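Here's the structure, in structure tokens; my notes come after.
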Amino acid sequence: MIDQPSMRELVEAVRDFLEQKAMPELKGHTAFHARVAANALSIVARELELGPQSASDEKNRLSALLGRDGPLEDLNRELCKRIREGSFELDTPGFAEHLTITTREKVAIDQPNYSGLKE
């Protein structure tokens, strides 16, 4: 089985090529699109690194909050259902904390330099 380079290494290699080789030679709209592509690859690299643990932690928080286990997608659907029904509000124990942690983890992947992440 060939396991090198990893997905993260491949993504980072393409991003580095765009940033270090291609972008300096590009102009205008093409340079803008290369920057967007490099940023997208950075998000993918962070998702590969941080996403599995974040999803696992989110699932554990939701299981405790909802009092049941299941796939993360099902637990999120259940949470949405309870919010719509009015059985979950911000003062529901653990709910606001779950929302805060989940949001911070998602922003850390999507926009790690976002000033709102700084406490």
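The values are calculated or read from the model by the stated rules, or taken from the named source; none is laboratory data. Bear in mind that the values here come from a model prediction, so they are computed numbers and not experimental data. When we count neighbours, we look across all protein chains shown, and the Cβ atoms used for this are built from the backbone with ideal geometry, even at glycine. SASA here: full protein model, heavy atoms, side chains in, ligands and nucleic acids out. Shrake-Rupley method; radii C 1.70, N 1.55, O 1.52, S 1.80 Å.
Would you mind finding the one in Ala40, Ala45 that is loosely packed, with under 14 Cβ neighbours inside 10 Å and within 25 Å of Asn113 (Cα to Cα)?
Exactly one residue qualifies, and that residue is Ala40.
So, in the stretch 89-119, how many residues would count as being of a type in the set (Phe, Trp, Tyr) and surrounded by 12 or more Cβ atoms within 10 Å (Cβ to Cβ)?
The qualifying residues number 1.
Condition test on Gly28, is it on the phi > 0 side of the Ramachandran plot, without any contact (Cβ under 8 Å) to a residue 12 or more places away in the chain and open to solvent by less than 40 Å² (accessible area, probe 1.4 Å)?
Considered against the rule, which asks whether it is on the phi > 0 side of the Ramachandran plot, without any contact (Cβ under 8 Å) to a residue 12 or more places away in the chain and open to solvent by less than 40 Å² (accessible area, probe 1.4 Å), Gly28 comes out as no.
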